[in-house]
Amino acid sequence: MLRYTVRRLLQLVLVLVVLSLLLFLWLRSLPGGPVTAMLGDRSTPDKRAELTSVLGLDQPLMVQYGKFLGRVAHGNFGQSTGVAPGDSAIGVFADRFPATVELAIGALLFALVFGIPLGYLAARRRGGWLDNAGVVTSLLGVAVPVFFLAFLLKYIFAVKLGWLPPSGRQSPDIDATRVTGFFVLDGLLTREWDASWDAVKHLILPSIALGTIPFAVIFRITRSSVLDVQNEDFIRTAEAKGLTNRTIRSRHILRNALLPVVTVTGLQVGALLAGAVLTEKVFAFPGLGEALSIAFTKKDYPVLQVLILASATTFVLVNMLVDLSYAVIDPRIRTS
Amino acid sequence: MTDGTSALPGSGRLRRPGAARKARIDRLATVGGRSGAPGAPGTPAATDEDTADVGVSLLRDAWRRLRVTPVFWVGAVIIALFVLLAVVAPWIAPHDPGAQLLIGQTSRARNSIAPPQAGYPLGGDTFGRDLFSRLILGSRQTLLVGVFATLIGLAGGLVLGVLAGAFGGWADTVVMRIVDVMLSIPSLLLAISIAVLFTNPNLTSVIIAVSVVQIPVFARLLRGQMLAQRGSDHVLAARALGVRRAPIVFRHMLPNSLSPVIVQATLVVATSIIDAAALSFLGLGSQDTASPEWGQMLGEAQDRIDSHPGLAFWPAGCIIVVALGFTLLGESLREALDPKNRR
């Protein structure tokens, strides 16, 4: 177990080193470049040369990469040039990280809370109306582009009906105390219930938009996994032993059916990070995804580096945790 | 040779004895006849001719299950209509999709567009072009994006997957590390990263961006399939017979690895179309507005969704229907080709 963990961590480091090199080369081969992005097309050559040397872009690539690695080791990724000019890139990341985490948790909660029970019920009553409705919804959920769904939700529930706020993380007229940067948590810690509730309302629509694909995937995998498990011999044995239905369901069916669900949930984290770019743009939600889309258009290299490295690290780490969590759920893996 | 060898080229796990012969009987019989008859065991095999036999019967077996699945027919009909539309689009579109025929009724300042009218069933878009014609011709570019992105992704994945799965050892290690790095970036982020490298985004850059993302997926799938076969009996038998490595890989292992890849490819067509739309939404799609593409139309309409939702709903509806079609087809293929359902 420990050896496995260490090996996976080493693999992670290797992936990140290769990734940082690729990322670095990729950033340098972008058309335009940060100087044009900052000064505009009609800047004088003098100004350009000055800024180029300030940013260190005139040095050989290997030197730049070496310096880059050195800075990364110190947690210094340079200054943002477009998203929040003047701020450190890592600061931009730190500012926006809690927003995206809140959104991702909201989306995953939506997906799990609806996906697992519905998938289970659909499998128990295979061919019933719930099963059919669930399967159709999950197929549609994968076919609808995330950003269009976000638009649709915003158009219906925010613009037409006015039930929920159309954009942002919190209404500007709420004077909330900031503690952790997680707005919902802050409100709970400081007992500013209205601030918390307002933040939750801002999260509902983006969470549904972002959580639809994970919901569809989790629903389907739960359904097919329960269908597989309930035909297993050990379920018949359990029934023959005279165990109550409740025990069979919770201890035998659900527990065995959850293993593939865990894997798939882990894989969805990557989809969440990518989907956040689209969802946050539609809802003007100030998270990492929105920062990423701004950084692309404004060619904010330092911020891009941090964001892509961070999302890759998160993705790989989560997948590692998923692999490790097998051992907790399934004792058979622990022994082998 | 006995029962065991008759199943050799088709990998014993998937087939029961006598299936090769059953397929032959099926082929001789008239269409639709003898579909359920169980075959007798004991057909000699292990020649290349028999490999082909097994391939046919695998498809036949799947087809037998597919043709009674309503989901398959819904998907197949949607795709058939979509492809037909794309082929005949230039002949049935009433107007030139690039011509600003309704520009007189369009005003940016007043945020007004031409309403539906005689000859223009859906009205005009923000540039005064016929929305209906653009939707019809958009099917062509959308089909191109879906198909070519899938083919490029498949080709790349095939090369990497075969390298890793057939040779193992250090080739496997190197290829899989590359795949790991590619998979460590969430797919849409990778597509965005590639799309921004192009100074002038066009259809080709969009296709490249969404196809590269699929390469590691196909590579991993194929590698897994081929690894599972490396130790299998039919590969061992082929090697014992003195068959060289290339024929083993390409005539024995690869054909037996393809069914999950085909399923995945069908699903990837849908993913590619949706990803291309996402790139358009982020401003990284094709800038060539004279040849419309649904994702691009949807991206263009995003600013006007509050005032003119129709501009977004029509292309979005088309994307959803087509994506659903490919998803349904892929899912029903998966069910049909799944060895668990073979009985």
Members of segment A:302-319 that are buried (at least 24 other Cβ atoms within 10 Å of the Cβ) and of a type in the set (Ser, Thr, Tyr): A:SER311
Between a residue in segment A:140-158 that is within 7 Å of chain B (Cβ to nearest Cβ) and crowded, with 22+ Cβ neighbours inside 10 Å and any residue that is of a type outside the set (Phe, Trp, Tyr) and in a loop (DSSP other than H, G, I, E, B), which pairs come within a Cβ distance under 7 Å, given they are 6 or more apart or on different chains? A:PHE151/B:ILE305
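Looking at segment B:167-190, can you tell me whether even one residue there is of a type outside the set (Asp, Glu), within 14 Å of chain A (Cβ to nearest Cβ) and under 19 Å from the mean Cα position of the chain (by Cα)?
Here is the first cut: in segment B:167-190, the residues of a type outside the set (Asp, Glu) are B:167-171, B:173-179, B:181-190.
Of the ones still in play, those that are also within 14 Å of chain A (Cβ to nearest Cβ) are B:173-179, B:181-190.
Among the residues that remain, those that are also under 19 Å from the mean Cα position of the chain (by Cα) are: B:187-188.
There is at least one residue in segment B:167-190 that is of a type outside the set (Asp, Glu), within 14 Å of chain A (Cβ to nearest Cβ) and under 19 Å from the mean Cα position of the chain (by Cα).
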How many of the residues in segment A:128-139 are free of Cβ contacts under 8 Å to residues at least 40 places away in the same chain, part of a helix (DSSP H, G or I) and more than 10 Å from every other protein chain (Cβ to nearest Cβ)? 4
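May I ask you to say which residue of B:LEU337, B:LEU241 is surrounded by fewer than 22 Cβ atoms within 10 Å (Cβ to Cβ) and either in contact with a Ser or Thr (Cβ under 6 Å, 6 or more places away or on another chain) or not assigned by TED's automatic domain parsing to the domain that holds B:ARG223 (or both)? Give the derivation first.
Numbers: B:LEU241 fails: either in contact with a Ser or Thr (Cβ under 6 Å, 6 or more places away or on another chain) or not assigned by TED's automatic domain parsing to the domain that holds B:ARG223 (or both).
Of B:LEU337, B:LEU241, the one residue that is surrounded by fewer than 22 Cβ atoms within 10 Å (Cβ to Cβ) and either in contact with a Ser or Thr (Cβ under 6 Å, 6 or more places away or on another chain) or not assigned by TED's automatic domain parsing to the domain that holds B:ARG223 (or both) is B:LEU337.
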Just name the residue that is nearest to B:THR150 (Cα to Cα) out of those in segment B:273-308 that are open to solvent by 30 Å² or more (accessible area, probe 1.4 Å) and at the interface with chain A (Cβ under 10 Å from one of its Cβ atoms). B:GLY283
Show the residue pairs that are 6+ apart or on different chains and have beta-carbon atoms under 7 Å apart, the first residue being within segment B:59-84 and free of Cβ contacts under 8 Å to residues at least 60 places away in the same chain, the second being of a type in the set (A, V, I, L, M, F, W, C). B:ARG60/B:ALA23
Residue tally, condition among the hydroxyl-bearing types (Ser, Thr, Tyr) and either more than 10 Å from chain B (Cβ to nearest Cβ) or open to solvent by 40 Å² or more (accessible area, probe 1.4 Å) (or both), over segment A:273-300: 2
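Mind telling me which of the residues A:ALA216, A:ALA195 ends up being under 16 Å from A:ALA107 (Cα atoms), in a helix (DSSP H, G or I) and either open to solvent by 10 Å² or more (accessible area, probe 1.4 Å) or not charged (D, E, K, R) (or both)?
Details: A:ALA195 fails: under 16 Å from A:ALA107 (Cα atoms).
Step by step, each of A:ALA216, A:ALA195 is checked, and only A:ALA216 is under 16 Å from A:ALA107 (Cα atoms), in a helix (DSSP H, G or I) and either open to solvent by 10 Å² or more (accessible area, probe 1.4 Å) or not charged (D, E, K, R) (or both).
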Yes/no for B:PRO115 being in a loop (DSSP other than H, G, I, E, B), over 30 Å from B:PHE218 (Cβ atoms) and either touching a strand residue (DSSP E or B) at 6+ places or on another chain (Cβ under 6 Å) or in contact (Cβ under 8 Å) with a residue 24 or more places away in the chain (or both): no
Any idea which of B:VAL206, B:VAL196 is modelled with pLDDT of 80 or more, facing chain A (nearest Cβ under 10 Å) and closer than 17 Å to B:GLN296 by Cα? B:VAL196
When residues of segment A:288-318 are filtered for being at negative phi, over 17 Å from the mean Cα position of the chain (by Cα) and not polar (S, T, N, Q), how many remain? 8
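To keep it simple, each residue is scored yes or no on (1) more than 29 Å from A:ASN245 (Cα to Cα); (2) of a type in the set (A, V, I, L, M, F, W, C).
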| residue | (1), (2) |
| --- | --- |
| A:ASP95 | yes, no |
| A:GLU102 | yes, no |
| A:ALA111 | no, yes |
| A:SER138 | no, no |
| A:VAL142 | yes, yes |
Condition broken by A:ASP186, with the remaining ones in (1) open to solvent by less than 50 Å² (accessible area, probe 1.4 Å); (2) within 21 Å of A:GLU280 (Cβ to Cβ); (3) more than 13 Å from chain B (Cβ to nearest Cβ); (4) touching a residue at least 60 places away in the same chain (Cβ under 8 Å) satisfied: (4)
Pairs, please: C-beta under 6 Å, at least 6 apart or cross-chain, first residue over 15 Å from B:GLY310 (Cα atoms) and at pLDDT 85 or above and in segment B:125-151, second part of a helix (DSSP H, G or I) and open to solvent by 60 Å² or more (accessible area, probe 1.4 Å)? none
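The values are calculated or read from the model by the stated rules, or taken from the named source; none is laboratory data. Just so you know, these numbers come straight off a predicted model, no measurement behind them. Counting neighbours? That spans all protein chains shown, and the Cβs are built from the backbone with ideal geometry, glycine included. Keep in mind that these areas ignore ligands, DNA and RNA; they rest on the heavy atoms of the full protein, side chains included. Shrake-Rupley method; radii C 1.70, N 1.55, O 1.52, S 1.80 Å.
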